[in-house]
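Accompanying notes for the structure given below.
The values are calculated or read from the model by the stated rules, or taken from the named source; none is laboratory data. In this text, all values refer to a predicted model and were calculated from it rather than measured experimentally. Using ideal geometry, Cβ is built from the backbone for each residue, glycine included, and neighbour counts are taken over all protein chains shown.
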Amino acid sequence: MKILVTGGAGYIGSHTVILLIESGYDVVIFDNFSNSSKESVARVENIVQKKIPLIKGDIRNKEDVENIFKAHNIDAVIHFAGLKAVGESVEQPLRYYDNNIYGTLVLCEVMQKYGCKSIVFSSSATVYGDPLSTPITESFPCSATNPYGRSKLFIEEMLQDLYTSDKAWKIVLLRYFNPIGAHESGTIGEDPNGIPNNLMPYITQTAVGKLSCLGVFGDDYDTHDGTGVRDYIHVVDLAEGHIKALEVIDTLEEVLTVNLGTGIGYSVLDMVKAFEEASGKEVPFCIAPRRAGDIAKCYADPSYAKEVLQWEAKKNIVQMCEDSWRWQQNNPNGYKGS
Ligand code: NAD
Ligand code: UD1
């Protein structure tokens, strides 16, 4: 089976490509490198000891996308390509709608034209907005509070409409919780541009000395220690969820929507402590004001994933912290150092 991986040079895509190849799939990577570099793919090739077809192009460019389908017999698409920074999406909404929504539209048009109707889409727990309670099941109401989240929600609806119009489409919507960690080799990992927005890269860059102090955004939430609680999931577990999705995709008789999380919520202070224990490094922090748009608690009910995908997260918080740290220590400047 040949899988097109859009955004395959990125953080989650690169880890998924490894598992795809290890599971016997043929892979074609398509990426415009707007938030990644060829170096990640070179390192993936080194891990799997195999050359991987890599095409530079943009999902919004129909000709670029058609050229892949002309050159390769693609059976299914795993669609990671997208912009993902919440704050940036508030400043540049049109760029987010263009890249994420229009890009997915073009991709689906080309898939339809070439008779490839199987797609696994990277959605996000952000589509649950501020949930009424936790743990969150897939049937919770959806809402969006920023353009990034709205782009995910709209794409989910667009794909649902596509299925309604043509039942030959096989669609899996994977709602990721908070991916962290890295491949155990320490050669690939998350490489954010500039100062990180997300917690784990901020912690690792503080521990390695690039940043001086972690600001903990609020200590007066209704949680066990007052700091925000999230469902952190190892990126390799997350990647495995995509392999499981491909295993069931041909059997689907409706759009399948699944949470990929661990079901365990850790607070910011829990994460600092776990990281310090795993790395032996101190993470200086200070309490800062709440970040606009943040919620108190977000963690998954992962039982549906177990039922329909026979998937559950296996790696614990210690492994997540150790692997994040190994990547950061070996690559203090991410891929840019090479
Ligand atoms: P990433 O930025 O590392 O990877 C995305 C890849 O897509 C990058 O390599 C980028 O260059 C590429 N890309 C972006 N726009 C493109 C375009 N128009 N044409 C071709 N390639 C393009 O991000 P990631 O963390 O690996 O996330 C992958 C997907 O998962 C994204 O859709 C993201 O929204 C979603 N997601 C991520 C998280 C997270 O915390 N990382 C959480 C929930 C959902
Ligand atoms: C963010 C995005 C969300 C996206 C998710 C996964 C926002 C508002 N939301 O969620 O849409 O789906 O990433 O990519 O950006 N924290 C600190 N100090 C920091 C950074 C974070 O205290 O320097 C806290 C946050 O307040 C939060 C927790 O750490 O409680 C996790 O934050 P983060 O890693 O940014 O993820 P989310 O806020 O869950």
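Could you list all residues from the range 255-275 that are in contact (Cβ under 8 Å) with a residue 24 or more places away in the chain and more than 30 Å from Ile171 (Cα to Cα)? Talk me through it step by step, then tell me what you get.
Step one: filter the range 255-275 for residues in contact (Cβ under 8 Å) with a residue 24 or more places away in the chain, giving 255-272, 274-275.
Selection gives Tyr266, Ser267, Val268, Leu269, Asp270, Met271, Val272, Ala274, Phe275.
Go through the range 40-145 and tell me which helices (runs of 4 or more DSSP H), entirely inside it, have 1 or more residues that are of a type outside the set (D, E, K, R), within 16 Å of ligand 2 (Cβ to nearest atom) and in contact with a helix residue (DSSP H, G or I) (Cβ under 8 Å, 6 or more places away or on another chain).
On the way: elements: 62-71, 86-91, 93-96, 103-113.
Per the criteria, 86-91, 93-96.
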Inset, instruction - From the list Ile203, Ile243, Ile195, Ile249, pick out the single residue that is at pLDDT 95 or above and more than 28 Å from Lys167 (Cβ to Cβ). - result: Ile203
Inset, instruction - Can you tell me which residue among Tyr232, Tyr266 is closer than 29 Å to Glu91 by Cβ, crowded, with 19+ Cβ neighbours inside 10 Å and aromatic (Phe, Trp, Tyr)? - result: Tyr232
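Give me a count of the residues in the range 296-338 that are of a type in the set (A, V, I, L, M, F, W, C), closer than 29 Å to Gly218 by Cα and in a loop (DSSP other than H, G, I, E, B).
Initial filter on the range 296-338 (of a type in the set (A, V, I, L, M, F, W, C)): 296, 298, 300, 305, 308-309, 311, 313, 317-318, 320-321, 325, 327.
Cutting the leftovers down to closer than 29 Å to Gly218 by Cα gives us 296, 298, 300, 313, 317-318, 320-321, 325, 327.
From the residues that got through so far, the ones that are in a loop (DSSP other than H, G, I, E, B) too are 296, 313.
Qualifying residue count for the region: 2.
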Inset, instruction - Give the number of residues within the range 199-225 that are surrounded by 15 or more Cβ atoms within 10 Å (Cβ to Cβ), polar (S, T, N, Q) and in contact with a Ser or Thr (Cβ under 9 Å, 6 or more places away or on another chain). - result: 3
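Being part of a helix (DSSP H, G or I), in contact (Cβ under 8 Å) with a residue 40 or more places away in the chain, more than 8 Å from ligand 1 (Cβ to nearest atom) and surrounded by 24 or more Cβ atoms within 10 Å (Cβ to Cβ) is the filter here; which residues of the range 5-19 pass it? If you could, list the steps in order and put the result at the bottom.
First, pick out the residues of the range 5-19 that are part of a helix (DSSP H, G or I): 11-19.
Subset that is in contact (Cβ under 8 Å) with a residue 40 or more places away in the chain: 11-16, 18-19.
From what's left, more than 8 Å from ligand 1 (Cβ to nearest atom): 15-16, 18-19.
Selection gives His15, Thr16.
For the range 286-300, which residues satisfy the criterion of being within 16 Å of ligand 1 (Cβ to nearest atom) and of a type in the set (D, E, K, R)? Give the steps one after another, and end with the answer.
We begin by selecting, within the range 286-300, every residue within 16 Å of ligand 1 (Cβ to nearest atom); these are 291, 293-295, 298-300.
Passing the criteria: Arg291, Asp294.
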Legend entry - Search result, residues across the range 242-261 that are hydroxyl-bearing (Ser, Thr, Tyr) and either under 14 Å from the mean Cα position of the chain (by Cα) or assigned to a strand (DSSP E or B) (or both): Thr257
Inset, instruction - Look at Asn146 and say whether it is surrounded by fewer than 20 Cβ atoms within 10 Å (Cβ to Cβ) and within 14 Å of ligand 1 (Cβ to nearest atom). - result: yes
Legend entry - Count of residues meeting criterion [surrounded by 19 or more Cβ atoms within 10 Å (Cβ to Cβ) and within 15 Å of ligand 1 (Cβ to nearest atom)] in the range 20-38: 8
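Pull up the range 159-182, narrow it to residues that are in a loop (DSSP other than H, G, I, E, B) and in contact with a Ser or Thr (Cβ under 8 Å, 6 or more places away or on another chain), then point me to the one that is nearest to ligand 1 (Cβ to nearest atom). Write out each step before concluding.
Going residue by residue through the range 159-182, those that are in a loop (DSSP other than H, G, I, E, B) are 166-169, 177, 181-182.
Retained after the next criterion (residues that are in contact with a Ser or Thr (Cβ under 8 Å, 6 or more places away or on another chain)): 169, 177, 181-182.
Working: Trp169: 19, Phe177: 8, Gly181: 11, Ala182: 12 Å.
Going through the qualifying residues, I end up with Phe177.
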Legend entry - Subset tally (residues that are under 12 Å from Met271 (Cβ atoms) and within 15 Å of ligand 1 (Cβ to nearest atom)) for the range 202-240: 7
Legend entry - Flag if Glu307 is in contact (Cβ under 8 Å) with a residue 12 or more places away in the chain and surrounded by fewer than 17 Cβ atoms within 10 Å (Cβ to Cβ): no
Legend entry - Residue in the range 296-310 that is under 22 Å from the mean Cα position of the chain (by Cα), basic (Lys, Arg) and modelled with pLDDT of 95 or more present: yes
